[in-house]
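Structure, as structure tokens:
The values are calculated or read from the model by the stated rules, or taken from the named source; none is laboratory data. Here the structure is a predicted model, which is why all the values come from computation and not from measurement. Cβ placement follows ideal geometry from the backbone for every residue including glycine, while neighbour counts extend to all protein chains displayed. Ligands, DNA and RNA are stripped out before the accessible areas are found, and what is left, the full protein with its side chains, is counted by its heavy atoms. Shrake-Rupley method; radii C 1.70, N 1.55, O 1.52, S 1.80 Å.
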Amino acid sequence: MLEIELKVRVDSLDLLRQNLKDRHAEFLGQQHEHDIYYNAPHRDFGSTDEALRVRYTKDHAVITYKVKKLPELGLKAREELNTAVESGEVFEAILDRLGFTKTAEVNKWRENYRLENASFALDRVEGLGTFAEIEIMAEDNGADATGTIIKLAKEMGISGEPILASYLELLLATR
């Protein structure tokens, strides 16, 4: 599965939140996400455009591995593999013992919505500001998903240059 995503920096989340409510988008909840990113001892994920993270929320931990982005779609697109773990702390200890190193931590407060086949995230990211994301999971090359995302962004009043960098990359660029 490919994750196709449009991410745009926004001044305020209020208008988008209202537009989602007006379109009867399903509110899926809000949560704090604390992400800890790791780099491998055998290759530099910053150079290979990969990512490995442990995400903590209020009640669980999820491990995510992201492969190199596919720039040909014009939006942020990449394969993403996720699995829940019983203990994020134990998994982090395993990574440490295997020689993986912590790269950075990202804290965000996210509101999740669902409209049609798209997920919307309204994010407040510590140290970076506010962002809107529209995401569709695609089984094919993602061209149809890209068109749908662009159409939904216009309908919702989301404009601006798509950000292809991850929150991790944006945060590291500010250091």
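If you check Ala121, Ala104, Ala138, which single one turns out to be without any contact (Cβ under 8 Å) to a residue 24 or more places away in the chain, open to solvent by less than 30 Å² (accessible area, probe 1.4 Å) and closer than 23 Å to Ile63 by Cα?
Numbers: Ala104 fails: without any contact (Cβ under 8 Å) to a residue 24 or more places away in the chain; Ala138 fails: without any contact (Cβ under 8 Å) to a residue 24 or more places away in the chain.
The unique qualifying residue is Ala121.
Could you check region 16-61 and list, in sequence order, the residues that are closer than 19 Å to Leu171 by Cβ, free of Cβ contacts under 8 Å to residues at least 12 places away in the same chain and not in a helix (DSSP H, G or I)?
Result: Asp44, single match.
Quickly run through region 19-64 and pick out the residues that are hydrophobic (A, V, I, L, M, F, W, C) and open to solvent by 40 Å² or more (accessible area, probe 1.4 Å).
Just the residues of region 19-64 that are hydrophobic (A, V, I, L, M, F, W, C), to begin with: 20, 25, 27-28, 36, 40, 45, 51-52, 54, 61-63.
Phe27, Leu28, listed by residue number.
Quick test for you: out of Glu79, Glu105, Glu72, Glu89, pick the one residue that is in a helix (DSSP H, G or I), among the charged types (D, E, K, R) and within 19 Å of Ala40 (Cα to Cα). Give the steps one after another, and end with the answer.
Numbers: Glu79 fails: in a helix (DSSP H, G or I); Glu105 fails: in a helix (DSSP H, G or I); Glu72 fails: within 19 Å of Ala40 (Cα to Cα).
Every option except Glu89 fails the conditions.
Restricting to region 141-154, and then to whatever is of a type outside the set (S, T, N, Q) and touching a residue at least 60 places away in the same chain (Cβ under 8 Å), can you tell me which residue is most open to solvent (accessible area, probe 1.4 Å)? Steps first, please.
Taking region 141-154 as the starting set, the residues that turn out to be of a type outside the set (S, T, N, Q) are 142-145, 147, 149-154.
Now drop any that are not touching a residue at least 60 places away in the same chain (Cβ under 8 Å), which leaves 142-143, 145, 149-150, 153.
Numbers: Gly142: 0, Ala143: 56, Ala145: 9, Ile149: 0, Ile150: 81, Ala153: 5 Å².
Here the residue is Ile150.
Does Lys7 satisfy the condition of being in contact (Cβ under 8 Å) with a residue 24 or more places away in the chain and either assigned to a loop (DSSP other than H, G, I, E, B) or open to solvent by 90 Å² or more (accessible area, probe 1.4 Å) (or both)? Before the answer, list the steps.
Values: in contact (Cβ under 8 Å) with a residue 24 or more places away in the chain: yes; either assigned to a loop (DSSP other than H, G, I, E, B) or open to solvent by 90 Å² or more (accessible area, probe 1.4 Å) (or both): no.
Criteria not met by Lys7.
Looking at region 65-76, which of its residues are open to solvent by 30 Å² or more (accessible area, probe 1.4 Å), modelled with pLDDT under 95 and not basic (Lys, Arg)?
Passing the criteria: Val67, Leu70, Pro71, Glu72, Leu73, Gly74.
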